Amino acid sequence: MAEAQHQHQDPVKQMIGIMTANGWRITEQRRELAEIFSRAEGYLSPKDVYDQMAVAYPGVSFDTVYRNLRLLSEMGALEQFYFMDGGLKFRASCLDHHHHHLICINCEKTLTFEYCPMEQQLDLPGNFKIINHRFEVFGVCEACRKE
């Protein structure tokens, strides 16, 4: 039941809220960027995003798109992953609750799972204080294993 509630949050509003909280003016291009990620099923490469942005804004440069992706990632609006074959890719952050990802290296399908290794007692050196963390497990999904 709780999972169904998470799916109703508007990812465009969520991303625009993060942009606003970080002092960004919300331009039509930035709104389009948020909408591209809300429509995306999986991960998008910078080129994927650029290609979609260029349809609506033919004058947009790849550098501008890439810079915005990196900044949105630093703000926490996007999650970035480096795929060995596919390079750097982005997707909208899951901000509703704490969870981690299982990522298929074949089709890039992503499943969430609730286990968090950071909940174990950690003996960290140097009085290290953790601010944030990510945990991804790469493997092959059931559908790809059947092929």
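The values are calculated or read from the model by the stated rules, or taken from the named source; none is laboratory data. Remember, predicted model here, so these are calculated numbers, not experimental data. Cβ coordinates were reconstructed from backbone atoms using ideal geometry, including for glycine residues, and neighbour counts include every protein chain displayed. When the accessible area is computed, the model is the full protein with side chains, heavy atoms only, and any ligands, DNA or RNA have been set aside. Shrake-Rupley method; radii C 1.70, N 1.55, O 1.52, S 1.80 Å.
In table form, for the structure just shown:
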{"read-out": "Selection status of F83, of a type in the set (A, V, I, L, M, F, W, C) and modelled with pLDDT of 90 or more", "value": "no"}
{"read-out": "Residue among Y82, Y115 that is exposed (fewer than 14 other Cβ atoms within 10 Å of the Cβ), touching a Lys or Arg at 6+ places or on another chain (Cβ under 9 Å) and not charged (D, E, K, R)", "value": "Y82"}
{"read-out": "Subset of the stretch 24-46 [in a loop (DSSP other than H, G, I, E, B), aromatic (F, W, Y) and more than 14 Å from R67 (Cα to Cα)]", "value": "Y43"}
{"read-out": "Tally, over the stretch 1-23, of residues that are surrounded by 10 or more Cβ atoms within 10 Å (Cβ to Cβ), at pLDDT 90 or above and not in a helix (DSSP H, G or I)", "value": "1"}
{"read-out": "The stretch 24-43, residues that are among the hydrophobic types (A, V, I, L, M, F, W, C) and either modelled with pLDDT of 90 or more or open to solvent by 60 Å² or more (accessible area, probe 1.4 Å) (or both)", "value": "W24, I26, L33, A34, I36, F37"}
{"read-out": "Subset of the stretch 135-146 (residues that are exposed (fewer than 10 other Cβ atoms within 10 Å of the Cβ) and either modelled with pLDDT under 85 or closer than 23 Å to L44 by Cα (or both))", "value": "E142"}
{"read-out": "Residues being open to solvent by less than 40 Å² (accessible area, probe 1.4 Å), in contact with a helix residue (DSSP H, G or I) (Cβ under 9 Å, 6 or more places away or on another chain) and within 16 Å of F37 (Cα to Cα) - total across the stretch 49-74", "value": "7"}
